[in-house]
1. Considering only the range D:207-218, I want to know if a residue exists there that is within 25 Å of D:Ala274 (Cα to Cα) and either open to solvent by 20 Å² or more (accessible area, probe 1.4 Å) or out of contact with any Lys or Arg (no Cβ under 9 Å at 6 or more places or on another chain) (or both).
2. Do you know which residues across the range C:91-110 are more than 25 Å from C:Leu67 (Cα to Cα) and free of Cβ contacts under 8 Å to residues at least 60 places away in the same chain?
3. Let me confirm something: among B:Thr290, B:Thr251, which residue is at pLDDT 95 or above, assigned by TED's automatic domain parsing to the domain that holds B:Gly183 and under 30 Å from C:Gly346 (Cβ atoms)?
4. Taking only the range A:240-289 into account, find how many residues are facing another protein chain (nearest Cβ under 8 Å) and either surrounded by 16 or more Cβ atoms within 10 Å (Cβ to Cβ) or in a strand (DSSP E or B) (or both).
5. Take the conditions of a type outside the set (A, V, I, L, M, F, W, C), crowded, with 24+ Cβ neighbours inside 10 Å and without any contact (Cβ under 8 Å) to a residue 60 or more places away in the chain and apply them to C:Asn139. Does it pass?
6. Failed condition for C:Gly210, given (1) touching a helix residue (DSSP H, G or I) at 6+ places or on another chain (Cβ under 8 Å); (2) without any contact (Cβ under 8 Å) to a residue 24 or more places away in the chain; (3) within 9 Å of chain D (Cβ to nearest Cβ), with all others met?
7. When C:Ser226 is evaluated against the numbered criteria (1) within 14 Å of chain B (Cβ to nearest Cβ); (2) within 20 Å of the chain's Cα centre (by Cα); (3) not β-branched (Val, Ile, Thr), which criterion, by number, is the only one it fails?
Protein chains: 4
Amino acid sequence: MGVITVGIVGGTGYTGVELLRLLLRHPNVQVSVLTSRTENGRRVDDMFPSLRGHTDLQYSDLNIDELKKCDVVFFATPHGVAMNHAAELLASNTKVIDLAADFRLQNLAQFEKWYGMPHACPEILKDSVYGLSELNRENIKQANVIGNPGCYPTTVQLGLAPLFKNSDALIKPESIIIDAKSGVSGAGRKASLEMSYSENADNFKAYSVGGHRHHPEIVEALENISGQKGVFDYIVFVPHLVPMIRGMLSTIYVDLTDAGDAADLQALYEQFYADEAFVDVMPVNSSPETRSVRGANQLRIALYKPQPKKLVVLSVQDNLVKGAAGQAVQNMNLMFGLTETSGLEGIGLLP
Amino acid sequence: MGVITVGIVGGTGYTGVELLRLLLRHPNVQVSVLTSRTENGRRVDDMFPSLRGHTDLQYSDLNIDELKKCDVVFFATPHGVAMNHAAELLASNTKVIDLAADFRLQNLAQFEKWYGMPHACPEILKDSVYGLSELNRENIKQANVIGNPGCYPTTVQLGLAPLFKNSDALIKPESIIIDAKSGVSGAGRKASLEMSYSENADNFKAYSVGGHRHHPEIVEALENISGQKGVFDYIVFVPHLVPMIRGMLSTIYVDLTDAGDAADLQALYEQFYADEAFVDVMPVNSSPETRSVRGANQLRIALYKPQPKKLVVLSVQDNLVKGAAGQAVQNMNLMFGLTETSGLEGIGLLP
Amino acid sequence: MGVITVGIVGGTGYTGVELLRLLLRHPNVQVSVLTSRTENGRRVDDMFPSLRGHTDLQYSDLNIDELKKCDVVFFATPHGVAMNHAAELLASNTKVIDLAADFRLQNLAQFEKWYGMPHACPEILKDSVYGLSELNRENIKQANVIGNPGCYPTTVQLGLAPLFKNSDALIKPESIIIDAKSGVSGAGRKASLEMSYSENADNFKAYSVGGHRHHPEIVEALENISGQKGVFDYIVFVPHLVPMIRGMLSTIYVDLTDAGDAADLQALYEQFYADEAFVDVMPVNSSPETRSVRGANQLRIALYKPQPKKLVVLSVQDNLVKGAAGQAVQNMNLMFGLTETSGLEGIGLLP
Amino acid sequence: MGVITVGIVGGTGYTGVELLRLLLRHPNVQVSVLTSRTENGRRVDDMFPSLRGHTDLQYSDLNIDELKKCDVVFFATPHGVAMNHAAELLASNTKVIDLAADFRLQNLAQFEKWYGMPHACPEILKDSVYGLSELNRENIKQANVIGNPGCYPTTVQLGLAPLFKNSDALIKPESIIIDAKSGVSGAGRKASLEMSYSENADNFKAYSVGGHRHHPEIVEALENISGQKGVFDYIVFVPHLVPMIRGMLSTIYVDLTDAGDAADLQALYEQFYADEAFVDVMPVNSSPETRSVRGANQLRIALYKPQPKKLVVLSVQDNLVKGAAGQAVQNMNLMFGLTETSGLEGIGLLP
């Protein structure tokens, strides 16, 4: 296969620059279009000096004709953008990977409720594929439109999936509690008092305790993974903000059934992910740290049973990599028949 | 009453210097002895320049005769020190406030299991009082020996106490999950690779998931508050380390009974703490931040019901103040009949 | 003297809330008016929960008649506000303390050049007093309008002043290089991409190397302190941004004359500040840390001679306290004949 | 050329793990030996989970016979180790790259003064090459022993070198002032109170103002670059500690001669580094940030003339990469005739 030409819509945010960090070093890819509503004509390495010496790319206004020439277009935009351009791109055989929420939820009512707008292309949504690479690999290979998962939902799905791949019910689905913690970069690159240094450094808090957009995504995804409808509606999901730039850890509490209590869950997880390059089941008694995946397309898991019939799953990733741009590249690799790990072999930055 | 003379054993750690920060400005107190095993003869403000201009105190070796002249001695030491000196001090009518664990657990077997040594003075322990000021005030006023509570247990007890002060059972005790997060200063002031800057900055992790010393303290304390034995043995407690200096937030998940679900819990909490200067029940939909209590002897609480019959309690404090030195001073005020808030009126440092 | 009634204009920024932290605990003061352009009617402790339990104050729109009832009004606003209200307040015998730049520069051309507007009340400016408390105490006591110094200029003036109080010339004024470093709170509380957490954490940079507003203030102040005109025009001042909330350190490099090289500068500094509560000349070989003054109205100085005839002055303060709100309160104390340290005795928060 | 076999002595420190991060992904290299005094038999990815999935290497005791089989051995140890093993390795045609100070200073008296021990192999030192890759490339290609430069000296040399490559004297050498700032990882990975999180977070200070080991290295290196002896003895070098993990910025102040003032220094620098992959002269008015080189083998420079005849050079790098492990790999590439950028093309992690 020749070089894959890539367009990125929305190249001034953190997922945009992270896509560039990965794609500019990807052996099979040429980034040919990079758009911005505000920076037309500016060199991207003027805005992000970390890219100096690696690219001459300039931002351009979103020009659909230019994007149509690409093999694939990544939308690193807020929700509501990709769904307005997907049809035209598909008509030109350009694939679409949306890093926002336009193609994550099949439930249109939930989409409208949480994102405050009707969906612009329900038919395309129906054919789109949810891009949790490890759990949906075969569909992704055939997909033309990918809804790249939310960061929190990625930690939860990969953290719980093995529990549902058993003939017996191992857990009580209604007991799931997700206490999630994220670095500040998850909120994006924007002028915001709430995200300012002096408001977040040396501080810790919960947020969106009353309801977070990733809740319905987690519910729908767990229904699909488990094949059980309705039983996840009452999971509890409480996100917190950590004074760090990158990194996400979800501490997931689950009540085990008798079968789950009796099962060798460590072995179950290790087998389930044995062939996965980007999911690491750590040894018993490990404590996964966010810095162990800083900058890497990697999710690490550890299991604990602190009490009888109580399972604690610790699931960490870099929210900008496996939780966003890295997984998007992983999906691109799958869609174009490339080696799945291509461009994603970098080792995390520790310390 | 005249000036209260104070001794501090172990004045080189973070709780020691925090005691000094509070006591050197306390209107009714004179710190007359400050001991250190390693810094005998050194001025304390040479080690802690923040104290320059506020004191001429020098460290001395631990001399029990000097300590006996004090009205009260604070032990800001590791566990295992206070219990070896309590008897002699009590014999001289010197009161004892231990900031470590020697007088927190009445259960001797638990003490020995978690702290790795037999208790040196079980009889004194029996007469000692657990110093959770708000929940144990009358006993504290009469006490000669105080076991100052652990930092995590303080957030849990004040976060849950109102739920037990009702004729009906409001919660299912066995359902309690405590997902706790602490700043790094909780680990103390010491040479330690694990606590080094480069190992903790821009990083997040759980620790001691398999078991933490504060677990048995939480269990025993909840038994005393609720009057129910045995039902808290299976609570889950998972602490995490936040890249910040001070601050602690416990996110506590509880299953409500029908009665609990029907109750006005916000009102219950507000009434329960209506007269408390140092416990703040925040309005509905608040998100308590650790920085809102930075340096202050204050604990703030918010309540959420994200799902039917599920209660989430958010409980924040400064681990070095309400979680340690501040509560110790509060207990001293109670023991000596001073105004409870004396020396503790400082406003938190925000930002 | 009775209680002093205080108004604060601009109570939603960091210097505003810091004024409240200090003034709400000040024994001689009653804050009676607190204004905000955007938060009229909102309780201040709703915006800053650290104040919960300490005040019932609400924000109001700026109402000059209400402010006129105050004994003193602090302007914790951007530049350009105080100068438009000073005349009316003075006419009602209300004193004015401006924490912005309206009354810092006597040179009108410099003011207009650096702040982009003509001065609104040059006659009042002429009678106003520059509020560097230690160096201008007697004038401050008589003043009706105070220009509270900028944060960087405070570290420089107190760091260099003793060198000019000698019959011989000790330094070469044209050699002064100020390499200054500030925490992020110095940029204020505002929605700003540049000040966001993810742009500043784990990062360090210089800024405004081509020119900073505090440069002309430093020049004018040094001229006044030394009585020498024109010789400071070519000092070099390079500020840097440190990933911390509060704190400022200026490293000042000066070439010594032969007389300066021969002098006992440590003794000179110690004598010069011997009676000052808020300036601390540390012992030889000290390394002043910003955390040693965190939250305290204190500036600490250390001196080094790393090479013959080269002096290095290290000067640290909390930019929000001695560099802003604390010095403003110190000036208020002087203006109203109160004990200079009143309300400012708090010990810094370490760690 | 076949695969180059590499040994790393001292694989538990930050430069050791950074070498692994780079070398495990290097296309021409096989790491075959990794030693540790304390971790013999332990898997390296057990200590550094960021390496999980990338290597099966285990630590071994230092066995000189195993190291002799390597083509090159990196010493990521404290000073005093490499010089005791260099002779034996050289005898087996194994090249040596020391990341510590054993082969940085040709002046034996200076070495002994600053490092507290006599040099163990002065003859080998004489033939060793100082590994500032860009300034010493031809010698490095022929070298068998490399003294990899200190982190601070790298920023200074690359920051000043173009100024000496002119027929006219552009600067006054005795005027040089280096105000340097480093992240905490520069102090290494060790149990140390001084380097603990709670002592460094939200804090800033100068250190070693009275004298730092990198001072003589800077002096000797500038003498070599400029060909001028004696004129750099009186430069001033003041390092500071920034609360960040990685990153180093030196702000260098220089007095210009008339010729220097007249020269186009921006053009001079751009030409000097035009062909260098790892030195980036930024455009006029740039502000190099440490995060722009986080994890990258890159040094960025900006120039300012804030006053007539005063030059300010800003020079940033990642202290663990271009300041240590990255430059060591760059030197290895040169020594073995590999593409100089091989294994070093990674883009910095921003944010």
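1. Within the range D:207-218, the first condition is being within 25 Å of D:Ala274 (Cα to Cα), and the residues that meet it are D:218.
Still in the running and either open to solvent by 20 Å² or more (accessible area, probe 1.4 Å) or out of contact with any Lys or Arg (no Cβ under 9 Å at 6 or more places or on another chain) (or both): D:218.
Yes: the range D:207-218 contains one or more residues that are within 25 Å of D:Ala274 (Cα to Cα) and either open to solvent by 20 Å² or more (accessible area, probe 1.4 Å) or out of contact with any Lys or Arg (no Cβ under 9 Å at 6 or more places or on another chain) (or both).
2. Hits for the range C:91-110 are C:Leu108, C:Ala109.
3. On the way: B:Thr251 fails: under 30 Å from C:Gly346 (Cβ atoms).
So the residue among B:Thr290, B:Thr251 that is at pLDDT 95 or above, assigned by TED's automatic domain parsing to the domain that holds B:Gly183 and under 30 Å from C:Gly346 (Cβ atoms) is B:Thr290.
4. Looking only at that region, the number is 17.
5. no
6. The number of the failed condition is (1).
7. The one condition C:Ser226 does not meet is (1).
Condition check ((1) over 19 Å from B:Met332 (Cα atoms); (2) open to solvent by 40 Å² or more (accessible area, probe 1.4 Å)) across all residues:
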residue: B:Gln30; (1), (2): no, yes
residue: B:Arg37; (1), (2): yes, yes
residue: B:Val44; (1), (2): yes, no
residue: B:Met47; (1), (2): yes, no
residue: B:Arg52; (1), (2): yes, yes
residue: B:Asp56; (1), (2): yes, yes
residue: B:Ile64; (1), (2): yes, no
residue: B:Lys69; (1), (2): no, yes
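The values are calculated or read from the model by the stated rules, or taken from the named source; none is laboratory data. Please read all numbers here as calculations on a predicted model, not as lab measurements. Positions of Cβ are generated from backbone atoms using ideal geometry, with glycine treated the same way; all protein chains shown enter the neighbour counts. Please note that ligands, DNA and RNA were not included when accessible areas were found on the heavy atoms of the full protein model with its side chains. Shrake-Rupley method; radii C 1.70, N 1.55, O 1.52, S 1.80 Å.
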